[in-house]
1. Cβ neighbours within 10 Å, averaged per peptide: list 363-374, 347-358 in order, most packed at the top.
2. In what sequence, highest mean first, do 233-239, 259-265 appear when ranked by Cβ atoms within 10 angstrom?
3. Using DSSP to call loops (not H, G, I, E or B), can you name the GluC sites (Glu not before Pro) in region 104-146 whose Cβ has at most 10 other Cβ atoms within 10 angstrom?
4. First measure r as the distance between the Cβ atoms of ASP341 and MET37, then evaluate 1/(1 + (r/R0)^6) with R0 = 51 Å and state the FRET efficiency to the nearest 0.05.
5. Along the charge dipole of the chain, which of GLY303, TYR344, ILE32 sits closest to the positive end, that is, farthest toward it, with unit charges on the beta carbon of Lys, Arg, Asp and Glu (+1, +1, -1, -1)?
6. Taking the alpha-carbon centroid of each part, what is the distance from region 80-102 to region 186-246 in angstrom?
7. Taking the Cα centre of region 205-340 as the origin, how large is its charge dipole in debye, to the nearest 20, when only Lys and Arg (+1) and Asp and Glu (-1) carry charge on their Cβ atoms?
8. How large is the charge dipole for region 97-224, taken about the Cα centre, if only the Cβ atoms of Lys, Arg (+1) and Asp, Glu (-1) carry charge, to the nearest 20 debye?
Amino acid sequence: MKRILIILMCSLGLTVAFAQSNDAANDNKPIILISDMQLQIDVNQAMNDLYNFKFDKAEKQFRWLKQKYGWHPLPYFLLGLSEWWKIMPNVSNTEYDERFLAYMDTVIHISERLHEMPKHEVEASFFLAAAYGFKGRLYSSEERKNWTKSAFAGKNALKYMKESQGMHDLSPELLFGDALYNYFSVWVPENYPLLKPILAFFPKGDKELGIKQLREVSYNAFYTRTEAMVFLMRIMGSYENNKRKALQIGGYLHQTYPDNPYFHRYYARLLYTSGKFSTTKPVAESILARIDSGMIGYEATSGRYAAFFLGQIHESRKEYQEAKEYYLKAKGFSEQIDATDTGYYLYSLLSLGEIYQQEGNEKEAKKYLKLVKKHAKRSDDVHEKARERLREF
């Protein structure tokens, strides 16, 4: 019901849209609201508040934007983006799905009308591609696994992205879709060969060009700047094995938006995987302190990351009592969100078993090593290591 009500809100501004589009028809240049510099100045603080998890402040400004530009998809897109970032810290939480999808459906509804208006087609295509793209990302998540809806959304996103392709001279925002397509249209078939026949019908992408375009968006865009940086950070850290660049971006995002739990934990992870244990320690400790204080967005997902990193750091320093305490925290956080098949959980159990074995506490050691066997797949390295340890008794 909430979703339907939000979608219906857009109808109030549609008559205004036609009136304003008639005024625009007298101009030789297409009106691109996302390129309006004064508007960007007006909502700059709201964008900062959004990414810094000050949602109430951001949404107050976005609602003002909706009152002024209710005929345009931008305010609804930003309100939807706010819901998206409420999901990001823990994607298994479906609490915000309905409102997020309702706002994106509203963006689609308004953009389809906008698409019919002279000189608004390109901007409408951008918002249609973006809204369908975000819906596809949600549906394809491990927690949703709605492949049919994801495929439908992805097909529409590509359709509208093609319409605005090569038009980024009108706005750097329009380059964002090109960049993602260029990179992932190559990366996906390289890593998921079964999808290769499907993508064979689409134009060939270029990973290097995609990375270059994402950098350009992160330098020059306004609304998609931070989203481009998030993709760059993840691509560099997880796919391109460029930890140095990923760490540079992660550090910038965490320093710029220090209360964003997703950026906080991703930065901690990049520090840890880069072997910078001394720097990781206070960053991870800060995550746990914020969970204890109940800060918005800080919850068990971030907690299991931070606790595991701290367990590893203390174990490497032979501070076994502290290590055990943090591994137990990682175990508890993982069980809170039913993440008992993940590496952070399983390797916390393995480390607990090994520390207790080293201390001569056979009962406790066996308890945790057997838990590894219970939750891990037999083919996993962690399962094999647990079996090896158990054979030593």
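Read the figures in this text as sums done on the coordinates, not as results from a lab. What you are looking at is a predicted structure, and each value in this text was computed from that prediction instead of being measured. All Cβ positions, glycine included, derive from the backbone under ideal geometry; neighbour counts span all protein chains shown.
1. Values: 363-374: 17.5, 347-358: 21.5.
With the highest mean Cβ count within 10 Å placed first, the list reads 347-358, 363-374.
2. 259-265, 233-239
3. Values: sites: GLU112, GLU116, GLU121, GLU123, GLU142, GLU143; in loops: GLU116, GLU142, GLU143.
Sparse-neighbourhood loop GluC sites (Glu not before Pro): GLU142.
4. On the way: r = 49 Å, r/R0 = 0.96.
Once the sixth-power term is evaluated, E becomes 0.55.
5. Final value for the positive-end residue is TYR344.
6. Centre-to-centre (Cα) distance: 23 Å.
7. The calculation lands at about 420 debye.
8. Taking the Cα centre of region 97-224 as origin, the dipole is about 380 debye.
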